[in-house]
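Let me begin by presenting the structure, written as structure tokens, before commenting on it.
The values are calculated or read from the model by the stated rules, or taken from the named source; none is laboratory data. The shown structure was predicted, so the numbers you read here are calculated from the model rather than taken from an experiment. Methodologically, a virtual Cβ is constructed for each residue, glycine included, from the backbone with ideal geometry; neighbour enumeration extends over all protein chains shown. Please note that ligands, DNA and RNA were not included when accessible areas were found on the heavy atoms of the full protein model with its side chains. Shrake-Rupley method; radii C 1.70, N 1.55, O 1.52, S 1.80 Å.
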Amino acid sequence: MQKTAEKAAPGAASFATVTTLPVLFALSLAHLLNDMMQSLVPAIYPIIKAAHGLDFGQIGLITFTFQLTASMFQPLVGLYTDKRPQPYSLVAGMGFTLAGLVVLAHAPNYGMLIVGAAMVGTGSSIFHPEATRVARVASGGRQGFAQSIFQVGGQSGGALGPVLAAFIVVPNGQASVAWFALAALAAMLVLGYVGHWYAAIVPTLMANRARGGDESPVPTSRGVLFAVFLLVVLMFSKSAYQASITSYYTFFLIDKFHVPISTAQLMLFVYLAAGALGVLVGGPLGDRIGRRRIIWVSILGALPFSLMMPFANFYWTAVLSTLVAFIMASAFAAILVFAMELLPGRVGLIGGLFYGLTFGLGAVSAALLGELADRTSIATVFQVCAFLPAIGLLTWFLPDIRSQAVPRRN
């Protein structure tokens, strides 16, 4: 597998040779706004649980629907855009998110909450694969750096959602979710700029691919496909743990420490903010020392802290959850770029698999954990999730590859 993977890596060089920072920062801002709006869904769970009389199983089903709509469509969107790039699909995807927020804000019953969550998930499924490709094209060969800039926007947005929910949605009620439609409109304007830049690049990119240059698909072997499968499993361990945190962390804190909703949501913000910092550190570090090493440290390194967290007091729960978030999140860019190096020319598919499939599997876990919480307790859920980082041991079977450096042009 080592030899096969090394042959795949040279084709993974980025099409662009100069890092286009304005595009990367625009993508990061759009990702921030997108994931901020998406994070409102779990952030308002305590509100809609009380307002609609929901149990934990129903909360888990909302998470399942929200993530599954993204996981179902993202690989398909990625496969299609690998062959036919769609620069302005980013704007269209954000339109779905806008509509979903309006539905969630005015949903009169549980069924409409499901519909609104599904629409927000669909917007995510359209946004992520093509945005991942644009970030790679704009990277200038600094793949870990580019994906970190892109991803830190999403992580930051995910962290802002609970805070905004605490200060806006909690005091003003479910209907105030509609106010965030303004953020969706702002994101559509930003993505219009990104789409215009990318549309000018696409003809040259496709011509380069047709000549067999950078980002051209290459034949894959069983060893490469097995390595990609392992990366999907590793990402699942991260996604499943994060799904349990974002869905049930506030309930865990309220149940165990009897804190108010606003305090629990601020704790969720701290957790997600630590994850954003981990993403920002992990990507560039992977460019320097190798993806495999980062994956070893970032996933398996969180295990001791996750095992201690269910038994800690309030102060140490805050400390340990912050450490777990930082360490686990640092793997994201490394895993994503590792997969791109193994499967050059399939960036959309990789983006769809890793933003879609793995997060969808995490959503399935969230639904099952909701049922477990109903049958046992929310504390039991966190005791079970504490062992998820142990899946990081599979990193042992990954090949150790290094991307070839891409020359920089002035």
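Annotations for the structure displayed:
- The apolar share of the surface of the chain, taken as the fraction of accessible area on carbon and sulfur atoms (1.4 Å probe, ligands and nucleic acids excluded), comes to 70 percent.
- Shown here for segment 320-390: chymotrypsin sites (Phe, Trp or Tyr not before Pro) in loop regions (DSSP other than H, G, I, E, B) with at most 13 other Cβ atoms within 10 Å, namely Phe387.
- Highest-fluctuation residue, Gly283, Gly362, Gly111 considered, GNM on the chain with Cα pairs under 10 Å: Gly111
- Inter-centroid distance (Cα atoms) of segment 272-295 relative to segment 40-100, Å: 26
- Taking Cβ atoms as reference points and 12 Å as the exclusive limit, the residues near Ser330 contribute a net charge of +3, counting Lys and Arg as +1 and Asp and Glu as -1.
- In the chain, excluding the sites themselves, the longest stretch lacking any of the trypsin sites (Lys or Arg not before Pro) that are in a DSSP loop with at most 14 other Cβ atoms within 10 Å is 1-210.
- Furthest towards positive pole of dipole, Val41, Ala26, Leu307, structure part the chain, Cβ charges: Ala26
- Charge dipole of the chain (Cα centre as origin; +1 on each Lys and Arg Cβ, -1 on each Asp and Glu Cβ, all else neutral): 1100 debye, rounded to the nearest 20.
- Farthest positive-ward along the chain dipole, Cα basis, beta-carbon charges - from Gly95, Gly282, Met119: Gly282
- With contacts taken as Cα pairs under 8 Å and at least 6 residues apart, the chain reaches a relative contact order of 32 percent.
- Principal-axis tilt of helix 358-375 within the chain, Cα atoms, nearest 10 degrees: 20
- Formal net charge of residues neighbouring Asp55 (Cβ-Cβ distance under 12 Å; K, R +1; D, E -1): 0
- Only helices enter this figure: runs of n ≥ 4 DSSP H residues, each worth -39500 (n - 2.57), summed and divided by the residues of the chain, yield -24500 deg cm²/dmol at 222 nm to the nearest 500.
- Residue-level accessible surface for His258, protein heavy atoms, 1.4 Å, Å²: 150
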